[in-house]
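The values are calculated or read from the model by the stated rules, or taken from the named source; none is laboratory data. Being a predicted model, the structure only gives us computed values, none of them experimental. Cβ coordinates were reconstructed from backbone atoms using ideal geometry, including for glycine residues, and neighbour counts include every protein chain displayed. The accessibility values were calculated without ligands, DNA or RNA, using every heavy atom of the protein model including side chains. Shrake-Rupley method; radii C 1.70, N 1.55, O 1.52, S 1.80 Å.
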Amino acid sequence: MDKRFCHYHSARPATWQCLPCERHYGDCCVPLNADAPDYIPACPLCRDNLRFLGAANTAQPFWERLPSFFAYALQSGPLSFAALLALACVFMPSVLVLWLLLFAVATKYLHGVIEAASFGGHDAPSLIEAFRLDSLQAFFQQLAVFIIALVLLWLAADFHNEAIYWAVNIAIMLALPASIIRLSLDKSLGSALSPAEIGQVMRAMGWRYLILCVFLFILWQSPTYVGWFLSNGLPRVVMVPVVAFLSGYFGVVMCAMMGYAVFQYQGELGYVMAGDEGPAGFAAPEWRRRKALAEAEVRVKEGQSGVALEILLEALREGAQDLKLNERYHQLLFSVNARSECLKHLPHYLPLAARLNPQLAVAAFLNARQLQADYLPDDPAVCERIAETLLERHKAREALGLLRNLHKRFPDYPGIPRAYLLAARGFSEELGQVEPARQLLMFIRQRYPAFEQMGEVVQLEAVLARLGKGG
Ligand SMILES: [Zn+2]
Ligand SMILES: [Zn+2]
């Protein structure tokens, strides 16, 4: 399987899938509800339950984190496991039952590592957990797998044909990791021996399974090579425990790698775990808001603007004061040219935007002007705020249009002198028109003698007087 991305956001890894719609979704499109963690999210298009892909697309590939597997095996659990093997080689008497128990503990421990790593965790299990009665069962199951593999190999050797022997040999080596993964996770001999179940592990990982096998093979050989190097200089009594210790250490590294591979391909493997860095949920109101925004976006990208509008309208019932919801709703109405709905929504949206983000208010006002050439907001404070922002953007004509005759349109508005001072600045500084600016300032002097910014009026008048003489 190749790495999948969100159908609507090509940079976001996919975490969900809808089979009927043939769509992959990232966390971007499927926000989770922290107040209902067991709730299975629905497909934004068909409302069917989505299939969780786990960390298959978000997890780092196992070959990019090789050092972490070696570090994993340096924790107290794996080190005591390796030490146990080394000590047993030196001190344990050759009593069959004792060795049987040791192998049982070893099998159980290594299976435990695969299982723990398959959850994406970074903590190795402790050795104590392997001293359990069901360890014997795990051991005998694993032993059965190995014996069957040996029998197959022995049968192949019976053909006295090199090609057949090596083909079977390689097939067994390739199948063993998948079989061990199956056994440690399913704990059933049936699935560890079933070609279908083993094949599913290989299919799920594709060619990456071969990479895994190569790494496992190298790790498997490592203790032997170390032993071979040491065999020249060291006495046997030192070398045997060293090789045993290394075997334990590399065994844990191998199992940590197999377990992580399961974690990475959990979606295809049918084992679904979220992992340590699973997607975080949102509190219910925020979740509803994000869900509406995400689903509306999906619908728009599917060309279903009508449904998107319904979704946003529904969300606005609860989040009437939500800037983002209102902005999306406005933009969508404008883009589908829903003229009357768009103009009807503006008296609600413009004051909100003017208060929270004047740039958005300006954008909405310019949109409105395209729908209706003489559009004016019916709120003087909104007119003033938008005009101010328009002037900052050097759109003087649009700004002055908003302020024209403000005292006639809104006689009770207390901000008129401030707005007209703004207009006078617009005329003089942006358009270089001295006369209308002078008239506006005169108007402020006569009508609003108590205006608190009179100092600025006087200043601007002085500037205008100089300009008048000079020009
Ligand atoms: Zn997305
Ligand atoms: Zn669907």
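Run the count for the chain, please: Lys pairs, Cα-Cα under 26 angstrom, 8 or more apart or on different chains.
13
Which residues' amide hydrogens lie under 5 Å from the amide hydrogen of ARG4, considering only partners 5 or more residues apart or on another chain, with H built in the peptide plane?
Correct list: ALA14.
Can you run phi through the Karplus equation (6.51, -1.76, 1.60; θ = phi - 60°) for region 123-137 and list ³J(HN,Hα) in whole Hz, with x for Gly and Pro?
Couplings: 9, 6, x, 7, 5, 3, 5, 7, 7, 9, 5, 6, 4, 4, 4 Hz.
Which one of GLN60, LEU402, GLN446 is farthest out on the positive end of the charge dipole of the chain, using unit charges on Cβ (Lys, Arg +1; Asp, Glu -1) and the Cα centre as origin?
Going by the Cα projections, it comes out as GLN446.
What is region 361-471's relative contact order, in percent, from Cα pairs under 8 angstrom and six or more apart in sequence?
This gives 18 percent for region 361-471.
Please list 3J(HN,Hα) in residue order for region 410-424, calculated via the Karplus relation 6.51 cos²θ - 1.76 cosθ + 1.60 where θ = phi - 60°; whole Hz, with x for glycine and proline.
Coupling constants for region 410-424: 10, x, 8, 6, x, x, 4, x, 5, 5, 6, 4, 4, 5, 4 Hz.
Quick one: grab the alpha carbon gyration tensor of region 62-269, order the square roots of its eigenvalues as a ≥ b ≥ c, and give me rounded if a/c is under 1.5, else prolate or oblate depending on whether a/b is larger than b/c.
Rounded, since a/c falls under 1.5.
Note down the relative contact order for region 62-269 as a percent, whole number, built from C-alpha pairs under 8 angstrom at least six residues apart.
37 percent
In terms of solvent-accessible area of protein heavy atoms at a 1.4 angstrom probe, what is the ranking of HIS24, HIS394, HIS330, highest value first?
HIS394, HIS24, HIS330
If the only charges are +1 at each Lys and Arg Cβ and -1 at each Asp and Glu Cβ, what is the size of the charge dipole of the chain around the Cα centre, to the nearest 20 debye?
1140 debye
Return the carbon/sulfur percentage of the accessible area of the chain, one whole number, probe 1.4 Å, all protein chains in place.
Carbon and sulfur together cover 61 percent of it.
Would you work out which of ALA353, GLN266, ILE148 lies farthest towards the positive end of the dipole of the chain? Charges go on Cβ: Lys and Arg +1, Asp and Glu -1.
So the residue we want is ALA353.
With every protein chain present, what is the per residue accessible area of the chain (1.4 Å probe, Å²)?
Value for the chain: 52 Å² per residue.
Taking the dipole about the Cα centre of the chain, with the C-beta of Lys and Arg at +1 and of Asp and Glu at -1, give me whichever of CYS29, ALA368, THR224 is farthest to the positive side.
With unit charges placed on the Cβ atoms, the residue in question is ALA368.
So for the chain, averaging the separation of alpha carbon pairs under 8 Å that are six or more residues apart and normalising by length, what relative contact order in percent results?
Taking the mean separation of contacting Cα pairs over the length of the chain, I get 15 percent.
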